[in-house]
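Presented below is the structure to which this report refers.
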Protein chains: 2
Amino acid sequence: MTHADLLLTNAAVVTMNAAFDVFKSGAIAISGNRIAAVGPAEEIASEWAAKETVDCGGRTIIPGLVNAHTHAPMTLLRGLADDLRLDVWLLGYMMPVEREFVSPDFCRLGTLLACAEMIRSGVTCFADMYYFEEHVARATAEAGMRAVCSQTVLKFTTPDADSYEDSLAAARDFILGWKDHPLIRPSVAPHAPYTCTPEILKACAELAAETGAVLHIHISETATEVENWRKQYGMPVVPWVKRQNLFEANVLAAHCVHVDEGEIRQLYNAGAGVAHNPTSNLKLGSGVAPVVKMLEVGLNVGIGTDGPASNNDLDMFEETRLTAILAKGVSGDPTAIPARSALSMATILGARALRVGDITGSLEVGKRADLAIVDLDPIHSSPKFERDPNAVYSQIVYTAKAADVTDVMVEGRWLMRGRELKTLAPDDLQLAARDYARRIDAFLIEREQSALNKLIAIGGVGQEESFEVQVKSRIADPEKVRAALTGPELSTVRHVHYREFDTYFFFDEPERSRLRYREDEFIGEKGEVTNVRARLTHIGPAKEGEYGGSVLLSRSRFIAPAGHSLRFYREYFKPASERAIEKDRLRWLVVYQNTEFFVNLDQLIRPPQDGYFIEIKSRTWSKRDADAKATLIVELLTLLGAEPGGGVKDEYVDWA
Amino acid sequence: MTHADLLLTNAAVVTMNAAFDVFKSGAIAISGNRIAAVGPAEEIASEWAAKETVDCGGRTIIPGLVNAHTHAPMTLLRGLADDLRLDVWLLGYMMPVEREFVSPDFCRLGTLLACAEMIRSGVTCFADMYYFEEHVARATAEAGMRAVCSQTVLKFTTPDADSYEDSLAAARDFILGWKDHPLIRPSVAPHAPYTCTPEILKACAELAAETGAVLHIHISETATEVENWRKQYGMPVVPWVKRQNLFEANVLAAHCVHVDEGEIRQLYNAGAGVAHNPTSNLKLGSGVAPVVKMLEVGLNVGIGTDGPASNNDLDMFEETRLTAILAKGVSGDPTAIPARSALSMATILGARALRVGDITGSLEVGKRADLAIVDLDPIHSSPKFERDPNAVYSQIVYTAKAADVTDVMVEGRWLMRGRELKTLAPDDLQLAARDYARRIDAFLIEREQSALNKLIAIGGVGQEESFEVQVKSRIADPEKVRAALTGPELSTVRHVHYREFDTYFFFDEPERSRLRYREDEFIGEKGEVTNVRARLTHIGPAKEGEYGGSVLLSRSRFIAPAGHSLRFYREYFKPASERAIEKDRLRWLVVYQNTEFFVNLDQLIRPPQDGYFIEIKSRTWSKRDADAKATLIVELLTLLGAEPGGGVKDEYVDWA
């Protein structure tokens, strides 16, 4: 007899090993945090003696489910805003609420709540992507679950960082600090190609490659993303991220809804894992990922719930079932993704996609004891047929529900016994969550009237670079500027002549944001109007920094095409006051010291001002880049014959 | 104070009335089987006194869900055969098992089990379509549920009828016998256009119109059905069934996956109700019904689970959620079918589709007290936001699960209290169901080797008419026959000359079925072979009847194109013995007394036989039609100069 700590017996054991062994009357021996033996109950009983034996009452033991992509703390935003257009949902609700509420405490509570829900539904391991990821990791470890925890990096400012450089530094610290944890695999998550810059992607790939961490990213979630990529880069997203060296890292690519066969092969050749999120992709109107093709090619495709803000729960049973039936429905082939394949995706393939396939995802000797016990005998699963060896997979995938999970173990430790959570106090978590919900409700009710939200509700809104470097100066002789622009230190990329009619709307809001309605008349060589363009820009309050005469601004700017009349917008936004500015503007896009700047030569017409103004501007997503430009821009101003520091700083609308 | 029998208080009440009233702190007064009052709890408390008051503990009361299309007894076939091609699933598993096992007892037990599952998941009313429907009705009434029970009529023989005439008669008796039942609405179900004849559809429509019963039918479930219809009739299914007078009845059309906009308008104009079955349509690879368009046009579209053999459960929460997210995913519009619309479909629209919208489907004064109480506070629904008035619908549709239903009432009677069933004993039902499952497993294991199942596994199999009338006679002079065929009583539609090479496979099966591999060489005017065709026909044992020299056979015949060689089929089917028949055949399709008959003039080549044989045949789905033809066929034989009764009856292979 060999000795083990624990014997689970009188169970059907669905191993999900390479041979798909199922022991209808089976048992598992566990020593410490590992599986010591799996097999027929009689065989195990005759070979193993254990300190404790648990009779599973004929229930079914499956490997713990792997939720291959989620944003656990967003559990606190579950059902916050549903059935909305993607831009309204994201820009109007998710991002403002995240900016206001996401904190270490929020992430801790949201993660504990998510873990409670996931444990109850048989999940033992998940891949997370959020902010303050160290706090997500800490809460996950406290709950006793296994996770790949990915610190998000974005080109925007985020709830946990004022610049992406800060996020990257935080990700590095997190990865190095947590790399040897038994439950947590720290990781970096450049959020998506369209929310990052090539520099961010490269830096993240480098960090991940250097540390061996997983690089977790959203890829080709919507058709729009791919269309934009094809337009801008002449290629879809996967080959483009390859050029940013992404595949030097162990990539976990979430969504991949709109990838073609070439991209699927490229992902396979790169050894990437994929997380399929069918509910989220349906609910947000993104579409259905080509998972049948991915599996055919041999990709490790796991299944994820995505965050509960777009699902609205963390139920892997629903997700696995949907994976199986959706593949059939869209292909017209009822044999596509049979139940056994779907369960593979939810277990071993997901584990491999997360790069933890060597320690979890199947019930095999030597692997960690990560498992769930499921009751396959409730009324909604009755009767059960036995003839077909695949029937047990069909019962798990097509009829079993999250509520049928009775016990869950991770690393040999019980996290749930007889439907009772052992590591978490759900009542306390729910109470604290209710408090957040109340505060978020109150915040949104107040914000519901905000100009930005109203702008977003109109649609078509995009966010602009968060850092703006600018310098402005009154000048006497515009001809000197024109002459200087032809000098050898500069090259002109583009030159335009506009007449700009701006109307600024001001609001009685605590944030002091403003909305600009701008009509640009493009002026031709003979002074004729060649084109007209109208745009709305929402300008948030700015954090200001001064650099020897130049000004560095960090602020949110949202821009949208203006298809309606000024009168429409006045009635729609109901500003507390407004002010008009009209100017003649000559604009050059120049390159100075390998850096692009806009040079504006302005003449104010309304309200009238004597003389000319020169304004030099540049925008960027990078704080470091902004710092560098803040120095260059003053040199450039001097070069163009104006006096730095002797000018004016504010926007025309604030003083003219 | 007004008096009521029961007051449900301290509940959120989601009425689903026309104004979509929600009483966050609400109450309902119930008198007898009806709702006496609905409103804010304080208002109800001040106006109503009741014998009994139930504190709902802050839970949410919703109208009982309406399962708009199912086959309740098929609960006993849940998970019997999954992930298979439709023809293999239907012809290889469902139909043979139904032929063998479906009985009044099967229907009663399956319905009780289905009711137990449906009550537990908040369903109070459903539309059923099956055999022995009176037994379904009886079991449903015993469980206390409301249902539209539809007796199936098919052109094939069914478990409860040897001919469709018998089914129709049974449907009439059932409707007349049950028409005044408080819970049951008896109804007739011509199964589908492709499994019925125009005569059956017309007769069913007439019966339904005459009795006011609902006509329940499958319409345009698969693309193949619609393609076949366009090919055969030059129009899709809906306009064709209209020509069969279908819309003279109150139609409940299940599936409608492949209907175009014109058909949707036609359904609307006909006042038809539609049952959307998203899980079944995905799982069987049928596609996704255009429900957004249907709702736009104003159709009453309910949601159904379909039978548990293709779902594999009766969970209306899953179905409603899938309806909401699937519409978004396939349209790319995340605002499609918001949660409130989805819940409307699962309640009031479903009730209207079933023609019970006047008495159930919403919580309104005067309607029957059909309701479910749902706990919206488990961990997987936490936290809840209150700001958005639609949040409660989002909580019910996107996060609530069947297991969150705690109490269910139909007609003022509790069917479940505190998750405990009041009218059914689930343990007994499960025990009896297990017994059926064991017997069905054993039956299929034995059948797994049957020739018919192996034929079906190859694919492309279709079923032929079940009644065959035939007469055969040896004749001396073939020229007499040829001459008679040009006579005035007959007209020839078509004439062909074949050389037929048949190989019959015989099996050691108790059923004595046989498989024929036939190669037809089509012979041209100059004796040349113009075409070759190979087919497999599985011929079941026949029930025989004699009509003065002619023979009426009733048997199953399945036909499939034979794409492989005889050697392949010999090795694949492994027959116990085989026999070859070769003949020269002249065939005429003639019309005699407005009836089509095939006339064969045969010369046996292998084994050689002297002289000629005349054979006259006709096939039909109708027993009455077969009886009529049995008389005509003998007249025709005489007309062609042969001796009735003086000939041979059996197939050549049985004696030659």
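The values are calculated or read from the model by the stated rules, or taken from the named source; none is laboratory data. The shown structure was predicted, so the numbers you read here are calculated from the model rather than taken from an experiment. Cβ coordinates were reconstructed from backbone atoms using ideal geometry, including for glycine residues, and neighbour counts include every protein chain displayed.
When residue A:630 is tested against (1) surrounded by fewer than 18 Cβ atoms within 10 Å (Cβ to Cβ); (2) closer than 30 Å to residue A:161 by Cβ, exactly one condition is not met: (1).
Against the conditions (1) in contact (Cβ under 8 Å) with a residue 40 or more places away in the chain; (2) farther than 21 Å from residue A:152 by Cα; (3) polar (S, T, N, Q); (4) more than 8 Å from chain B (Cβ to nearest Cβ), residue A:250 satisfies every one except (2).
Residues of the range B:278-287 include at least one that is modelled with pLDDT of 95 or more, touching an Asp or Glu at 6+ places or on another chain (Cβ under 9 Å), within 22 Å of residue B:136 (Cα to Cα) and within 14 Å of chain A (Cβ to nearest Cβ). Every test in (1) touching a residue at least 60 places away in the same chain (Cβ under 8 Å); (2) out of contact with any helix residue (DSSP H, G or I) (no Cβ under 7 Å at 6 or more places or on another chain) is passed by residue A:598 save one, and that test is (1). Residue pairs whose Cβ atoms lie under 8 Å apart, separated by 6 or more positions or on different chains, with the first residue in the range B:186-209 and outside the structural domain of residue B:68 (by TED's automatic domain parsing) and the second surrounded by fewer than 24 Cβ atoms within 10 Å (Cβ to Cβ), do not occur. Quick check on the range A:460-478. Is at least one of its residues hydroxyl-bearing (Ser, Thr, Tyr), surrounded by fewer than 15 Cβ atoms within 10 Å (Cβ to Cβ) and in contact (Cβ under 8 Å) with a residue 60 or more places away in the chain? No, the conditions are met nowhere in the range A:460-478. Residues considered: A:535, A:579. Of these, the only one that is under 30 Å from residue A:610 (Cβ atoms) and in contact with a helix residue (DSSP H, G or I) (Cβ under 6 Å, 6 or more places away or on another chain) is A:579.
Here residue B:598 does not fit the description of being surrounded by 13 or more Cβ atoms within 10 Å (Cβ to Cβ) and within 23 Å of residue B:446 (Cβ to Cβ). Taking every residue in the range A:59-85 that is more than 9 Å from every other protein chain (Cβ to nearest Cβ) and over 25 Å from residue A:159 (Cβ atoms) and pairing it with any residue that is surrounded by fewer than 24 Cβ atoms within 10 Å (Cβ to Cβ) and among the acidic types (Asp, Glu), at least 6 positions away or on another chain, the pairs with Cβ-Cβ distances below 7 Å are A:59/A:375. Take residue A:111 and decide whether it is without any contact (Cβ under 8 Å) to a residue 40 or more places away in the chain and within 14 Å of another protein chain (Cβ to nearest Cβ). The answer is yes for residue A:111.
The sole residue among A:397, A:410, A:405 that is buried (at least 22 other Cβ atoms within 10 Å of the Cβ) and either within 30 Å of residue B:439 (Cβ to Cβ) or modelled with pLDDT under 95 (or both) is A:397.
Contact annotation: residue pairs with Cβ atoms under 8 Å, 6 or more positions apart or on different chains, pairing a residue in the range A:367-389 that is under 23 Å from residue B:448 (Cα atoms) with a partner that is part of a strand (DSSP E or B) and not charged (D, E, K, R), are A:389/A:22. Residue count for the range B:423-437 satisfying the condition of being more than 8 Å from every other protein chain (Cβ to nearest Cβ) and surrounded by 14 or more Cβ atoms within 10 Å (Cβ to Cβ): 3. For the range A:263-295, residues that are in contact (Cβ under 8 Å) with a residue 12 or more places away in the chain, over 20 Å from residue B:398 (Cβ atoms) and not acidic (Asp, Glu) total 18.
A single member of A:186, A:198 is in contact with a Gly (Cβ under 9 Å, 6 or more places away or on another chain) and over 15 Å from residue A:272 (Cβ atoms), and it is A:186. Screening residue B:376 with (1) closer than 15 Å to residue B:317 by Cα; (2) part of a loop (DSSP other than H, G, I, E, B); (3) more than 12 Å from chain A (Cβ to nearest Cβ); (4) not charged (D, E, K, R) gives one miss only, at (3). Looking across the range B:538-570, the residues that are among the polar types (S, T, N, Q) and either outside the structural domain of residue B:502 (by TED's automatic domain parsing) or at pLDDT 75 or above (or both) come down to B:554, B:556, B:565.
The helices (runs of 4 or more DSSP H) falling completely within the range A:381-484 that include 2 or more residues that are more than 34 Å from the chain's Cα centre (by Cα) map to A:391-394.
Considering only residues in the range A:309-327 that are more than 8 Å from chain B (Cβ to nearest Cβ) and at pLDDT below 95, the one that is nearest to residue B:278 (Cα to Cα) turns out to be A:310.
Going through (1) more than 24 Å from residue B:512 (Cβ to Cβ); (2) surrounded by 17 or more Cβ atoms within 10 Å (Cβ to Cβ) one by one, residue B:581 falls short only on (1). Residue-level analysis places residue B:408 among those that are under 22 Å from residue B:313 (Cα atoms) and touching a residue at least 12 places away in the same chain (Cβ under 8 Å). Note on the range A:348-373: residues that are of a type in the set (A, V, I, L, M) and either assigned to a loop (DSSP other than H, G, I, E, B) or outside the structural domain of residue A:67 (by TED's automatic domain parsing) (or both) amount to 6. Filtered by the rule that a residue be hydrophobic (A, V, I, L, M, F, W, C) and surrounded by fewer than 24 Cβ atoms within 10 Å (Cβ to Cβ), the range B:283-293 gives B:288, B:292. Restricting A:169, A:203, A:137, A:208 to residues that are more than 15 Å from the chain's Cα centre (by Cα), farther than 30 Å from residue A:372 by Cα, crowded, with 24+ Cβ neighbours inside 10 Å and among the hydrophobic types (A, V, I, L, M, F, W, C) narrows the list to A:208. Here residue A:85 meets the list (1) out of contact with any strand residue (DSSP E or B) (no Cβ under 9 Å at 6 or more places or on another chain); (2) surrounded by fewer than 18 Cβ atoms within 10 Å (Cβ to Cβ); (3) modelled with pLDDT of 95 or more almost entirely, failing just condition (3). For residue A:122, the stated conditions hold: it is crowded, with 24+ Cβ neighbours inside 10 Å, of a type outside the set (D, E, K, R) and closer than 25 Å to residue A:414 by Cα. Scanning the range A:81-128 for residues that are more than 29 Å from residue A:463 (Cα to Cα) and among the small types (Gly, Ala, Ser) yields A:114, A:116, A:121, A:122. May I ask you to say which residue of A:492, A:537, A:530 is part of a strand (DSSP E or B) and within 17 Å of residue A:584 (Cβ to Cβ)? Going through A:492, A:537, A:530 in turn, just one is part of a strand (DSSP E or B) and within 17 Å of residue A:584 (Cβ to Cβ): A:530.
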